[in-house]
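Asker: Before we start, here is the structure in question, set down as structure tokens.
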Amino acid sequence: MPTEPDLPPHVSENRRYWDERAADWVAAGERAWAQPEPSWGIWGVPEPELGMLPASMAGMRAVELGCGTAYVSGWMARRGARVTAIDNSEQQLATARRLAAQHGVELELVHGDAERTPFESGAFDFAISEYGAAIWCDPYAWVPEAHRLLAPGGRLVFLGHHPLAAVCSPADGGPLVERLVNPYFDLHVQDWTTVEVDPGGVEFNLPLSKWFALFREVGFEVEDYREPRPASPTAGERFAQPAAWAYRFPGEQVWKLRKR
């Protein structure tokens, strides 16, 4: 893991942001750890609807890239996997360690950058990211890294913002709007550090054609693609996504990939 001055600027900024915000996510982490079954994304879509995890993970070596409070890692461990998780924020990992101990779950938790991990090539059978590396890391760095970490035939599953959400995000950081406000083909870096509404870190996304091109070039085959949405258009607003918007237009995406 590089020393702090050697980190890319977006990694340093996101580390600062998530260390400062870690306390705000403790309660959400506690709720997720206590869930008997997984649910996913902004709208809590049930696992049977998305199929993010294998039903049994007995004997599998799994890695979570950008784990936060590591509740996804906890879900995988309960399904029988040997789980390693990495996160950019030491403060988030402090919560993860406490909750893993509280729930009697054994995890290997590593402080580091999911774009450049310390793990051996081919060390894992399954990799996952839910709003971790999936949006906070540069896909041109973390997707090849995920491919390196997987054994042949290993799978990568990740969930993050849909590119349409990025195109419909106003410049002030406010709720999504029903018009196109950002160029689609130029999507890559989204810097939220100085916006007026809920300033955040530095996120990433790509046009769909560039996601496909990246997977092809790296050596992933696309097995499935999903566009989750809320169960109802009256489910309120979460993380600048009004349910009425997200019920009509895709605000999230799920990619399921296999290493060739």
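No lab work stands behind these numbers, since they all come straight from the coordinates. Owing to the predicted nature of the structure, the values given are computational and were not obtained by experimental measurement. As a convention, Cβ positions derive from the backbone with ideal geometry for all residues, glycine included, and neighbour counts pool all protein chains shown.
Asker: How big is the range 21-106 along each principal axis, measuring the range of its Cα positions in Å and listing the largest first?
Answerer: 32, 28, 22
Asker: Here is a follow-up. Sort out for me the Cα centre separation of the range 79-122 from the range 1-76, rounded to whole Å.
Answerer: Distance between centres, Cα-based: 9 Å.
Asker: If you don't mind, there's one more thing I want to ask. Tell me, what is the FRET efficiency for Glu221 and Glu49 to the nearest 0.05, using R0 = 22 angstrom and their Cβ-Cβ distance as r?
Answerer: That pair, Glu221 with Glu49, gives E of 0.45.
Asker: Would you calculate the separation in nanometres between label points at Ala231 and Glu196, each defined as 7 Å from the Cα along the Cα-to-beta-carbon direction?
Answerer: For Ala231 paired with Glu196, the spin-label model returns 3.6 nm.
Asker: With θ set to phi - 60° and the Karplus curve 6.51 cos²θ - 1.76 cosθ + 1.60, what are the ³J(HN,Hα) couplings of the range 99-111 in order, to the nearest whole Hz, using x for Gly and Pro?
Answerer: 3J(HN,Hα) across the range 99-111, in whole Hz: 6, 4, 5, 4, 9, x, 10, 8, 10, 9, 10, 10, 7.
Asker: Per 5 Å bin from zero, what fraction in whole % of the C-alpha pairs of the range 195-260 is there, up to the bin with the longest pair?
Answerer: Answer for the range 195-260: a P(r) of 4, 14, 19, 17, 17, 16, 10, 5, 0 percent.
Asker: Given axes a ≥ b ≥ c from the Cα gyration tensor, I'd like to know whether the range 1-151 is rounded (a/c under 1.5), prolate (a/b larger than b/c) or oblate.
Answerer: Note, shape of the range 1-151 comes out oblate.
Asker: How would you order 27-37, 79-89 from highest to lowest mean count of nearby Cβ atoms within 10 Å?
Answerer: 79-89, 27-37
Asker: For the range 89-180, what is the per residue volume of the convex hull drawn over the alpha-carbon atoms, in cubic angstrom?
Answerer: Once divided by residue count, the hull of the range 89-180 is 144 Å³.
Asker: Using a basic spin-label model with each label point 7 Å from the Cα along Cα→Cβ, how many nm lie between Gln102 and Phe119?
Answerer: In this crude spin-label approximation the distance works out to 2.5 nm.
Asker: Sort Glu227, Glu130 so that the residue with the fewest other Cβ atoms within 10 Å of its own Cβ comes first and the one with the most comes last.
Answerer: If I rank by nearby Cβ atoms, fewest first, I get Glu227, Glu130.
Asker: How big is the antiparallel share of DSSP beta bridges in the range 1-160, given as a percent to the nearest 5?
Answerer: 15
Asker: Kindly give Rg over Rh for the chain, based on alpha-carbon atoms, with the Kirkwood expression for the hydrodynamic radius.
Answerer: Reported Rg/Rh, Kirkwood definition of Rh: 0.93.
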